[in-house]
Every structure is written in structure tokens, then in C-alpha cells.
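Here is the structure we will look at, set down as C-alpha cells.
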Amino acid sequence: MTYSETIQYLYDRLPAFHQIGESAYKPGLENTIRLMEKLNNPHHQFRTIHIAGTNGKGSVSHLLAAVLHKSGYKVGLYTSPHLVDFRERIRVNGKMIEQQYVIDFVDQHQNLFVDIEPSFFEVTMAMAFDYFASCQVDVAVIEVGLGGRLDSTNIIKPDLSVITNISFDHVNFLGDSLAKIAFEKAGIIKADTPVVIGEALPETRVVFIKKALQENAPIHFAEEHYFTSIVKCLNAKMQVKINDNEEFIVGLYGNYQLKNIATVRTAIEQLKIIGYQISEDSIAHGFEEVITLTGLRGRWELMQQSPTVVCDTGHNEAGIKQVVEQLQFENFNNLRIVIGMVSDKDIRAVLKLLPPKAVYYFTQANIPRALPARDLQAKAMKFELYGNSYLSVKQSIEAALNDAVFDDFILIGGSNFVVGEALTCF
């Protein structure tokens, strides 16, 4: 098979949550354990850091990987979903897994897939761990797929666990209260292993403390260790002050990154305590060069200027709230929003947050889970959000650009998949 045929085989043969949603979700570790045993447990061959949370776990994972890379470690990075190329999910020192490795792994293990019937995510994770072992990485930063307690990645025994925050998402799987969701995320807390909490609310804090006590795990709340603020914005970067005695240039943009930066700084502090060699110079370079070092995309990403076009992957209530708050710091004439969502999200919770004083371009990504653009348009009208609908992301972006003048602002988002398709348009 060619690379494209191999990826298509994975989509056709294995249930993929990012494509079809709920029916692809396989909670529990049984399949993963069987897969790992057949592959001789490659995850036992390298150290790991485990990252969970509702929002921010991608940014935190990439920032940590960048700092560790600049510290001289050979670093694996496993994240999901991808935006453009499947191989974005699996990187070593920022470089994506080779196409040939993907082809060979799938070719060699097709009988295993038939026997175990794993999900797309389980196979992808198995491939990542196998690749990291073959590359002899020193440490791998592993992002949770969904939840934590029953997520496939929870077979690892990390040096450090990190939970960025808790908000409402995937409530049909994780629970309909913040405490229930926190319980699922807290499942990555391991015995005698330090855990960093990026942001805690009263109803989630008690859940984390209880689990940490049960596991004898030292727990650290980032907001008690570090306070971050923006000194000034530098195009697509920020100059950030930490605790009034440290300043760093961070290669990411947006006020919502401040809590992620505090979380990473706290995680670095704990890694140093357990023996990781990380210098201030490595932190500075890792923070500033995170995008070039890890390939992170879609986080308030500036695509062009005059008119300004920004893509952001915020896609749930908390993520959209952060995006809308960030808009308040931008200067523009007209605001134009290209938006598409998947059908299994809380659409109403997102729409009620969006600004009425904007022109909307309702669209849909090319995946089965996508909410039809006209349905999104109809739902939005109930919140006094008005605009036309378009059958493709490309068409909606072209329409927005055609309508815009040089000092307008075009925001593209609502879904990882909308952003992924948008990135190919620029």
C-alpha cells in the first residue's frame, strides 16, 4: 500500500472517533494491553510525561516537548487529533514519523488488528509507542485522547502527570458535572508520582486532592506556584513575565496561554526535582521556538494580515469563551467569523458566547461528524448570529476574504477539522 492507501485503510478498517464520533469510542485498557503485549511492551523502554485536561493539553504538551528538546533530550511527542497530516500525531524532536514507518507498521500488524479489533486511536497510540522505542527516545510527552482513567494512554507509568483544567466536554462519556469529569481526568494520577494541576475550581480541586492522597502522589497547583502576565505582544509571540522575576518570549499568542505557561513552568520545576537537567536557557529557547521545534499549529495562528486572518482550534464552551475574550484585545473594523462544528458538541453553549456584532460564514468540515452548515446557520439565528452558509471550508474562507477590507478581522474556528482544512487554504 502507498501512504495515502494506508491511512485510508486505517479509517475504513478501524472506528475513528474524530471521524464518526461516539460509535468509535472504546473505553477501557483491555485492547491496548493486548496490543502492547504483542508488540513486546515498547512503552516500557522510555520515560514518559502524561498530559490530560479539557483544554490546553496540546499547548502544554508541545511547550514541554520543546523545552526538553532544547535541554538535550531525545523527545517523543504523541498528540491528537491531527490537523492536516496523520503523522502530526507522532513526532520525535519535532520531526513527524516517516511515511514508510506508518506503511510498514500497518502492513506488519494487519492480522493483529483483525484479531483484537482495536479503535483507530488504539492503533495510532501503539504505533507511536513502537516508533518511540525504535528511535530510542529518552522521554515521551503523551497527551491523553479522551478523559484519562479509561483512556488508552493510561497504561503508562509516567515520571509526572499534568492535568491542565476541567470544563464541560464529552459529557456523554465523562459525566454531566465538573466533579465527574475531574474524576475521569484524575485517573491519570499514579502512585507516588507527582501531579501538576493547571487550573482548579472548588468542585474539581477536592477531587484531585482526594485522588492524590489515595495514590500518595505529591500534588502541585500551578496557580500557587507561578503568576504569569503579558508584558507586550510581538506579532505572533508574547513577552511574558512570571512571578515578577522571570521574563520569557513565548512563541504562542493569546491571553489564554498564560495559564498553560504557568502549568508548564510548574511541571518543569517538578521534573528538575526528580532529576531532569533543564536550564533557564533551555526554557527560554523552548518557549520562544515552540512552533518550529514541535510543529504546533492552530493556536491563535496568524495566517495573513490586511485583512487579519487567525485560526484557532477552540471548539467547546470553555475554548470558545477564551477565543471570544481574546477578540476583545484585537483592533479591527469588521469582525468576520468562519465557523463550523461537529454535531456531538454542545452547540447552544457555544453559540450563546459568540458576538452578535459579526458577519458569520457557516460551514462544515469534510467529515461524517460535521454539523451541516445550514443546520448551524439555523441554530445560530436563534442567538441573533447572522450570515450565509457554505458547503465547504474553502468556499466559506473565500467568501470572507472577498467581503473583507484591509482592516477587517477574520476568525476561523469552531472545530479542529475546520481549522485543519483552513490551514491548507493559506
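Assorted remarks:
- Peptides ranked, highest mean first, by Cβ atoms within 10 Å: ranges 60-72, 127-139, 250-262: 60-72, 250-262, 127-139
- Gained length - residue 236 relative to residue 394, 0.36 nm times residue gap less alpha-carbon distance: 54.5 nm
- Relative contact order [Cα under 8 Å, 6+ residues apart], the chain, whole percent: 16
- Note on residue 403 and residue 117: the model spin-label points, each 7 Å out from Cα along the C-beta direction, lie 4.7 nm apart.
- For the chain, the pair-distance distribution built from all alpha carbon pairs, in bins 10 Å wide starting at 0, is 5, 22, 32, 28, 12, 1 percent.
- Shown here: the range 301-423, whose C-alpha atoms stretch 35, 25, 23 Å along the first, second and third principal axes, sorted largest to smallest.
- Added length on full extension, which subtracts the Cα-Cα distance from 0.36 nm per residue, residue 100 to residue 138: 11.4 nm
- Helical runs (DSSP H, four residues minimum) scored at -39500 (n - 2.57) apiece and divided by the length of the chain put the mean residue ellipticity at 222 nm at -12000 deg cm²/dmol.
- What the phi angles of the range 396-405 give under the Karplus curve with 6.51, -1.76 and 1.60, with θ = phi - 60°, is a coupling list of 5, 5, 4, 5, 5, 5, 5, 7, 7, 9 Hz, glycine and proline written as x.
- Distance between the C-alpha centres of the range 59-86 and the range 139-163: 14 Å, rounded to the whole angstrom.
- Label zone of residue 1 (point 7 Å out along Cα→Cβ, amide N under 16 Å): in the range 82-96 this covers 86-87.
- Proximal charge balance of residue 79 [Cβ under 10 Å; K/R count +1, D/E count -1]: +1
- Percent antiparallel among DSSP beta bridges (both partners in the range 3-294, rounded to 5): 45
- Distance between the C-alpha centres of the range 298-365 and the range 97-131: 35 Å, rounded to the whole angstrom.
- The relative contact order of the range 89-167, computed from alpha carbon pairs under 8 Å that lie at least 6 residues apart in sequence, is 24 percent.
- Neighbour net charge for residue 348 - beta-carbon separation under 11 angstrom, K R +1, D E -1: +2
- The range 301-423: relative contact order as a whole-number percent, Cα under 8 Å and 6+ apart: 39
- The alpha-carbon of residue 95 sits under 19 angstrom from the alpha-carbons of these aspartates and glutamates, leaving out residues fewer than 8 places away in its chain: 85, 104, 130, 138, 143, 288, 289.
Values quoted throughout were computed directly from the atomic coordinates according to the rules given, and no laboratory measurement underlies them. Quantities reported herein were computed from a predicted structural model and do not represent experimental measurements. Positions of Cβ are generated from backbone atoms using ideal geometry, with glycine treated the same way; all protein chains shown enter the neighbour counts.
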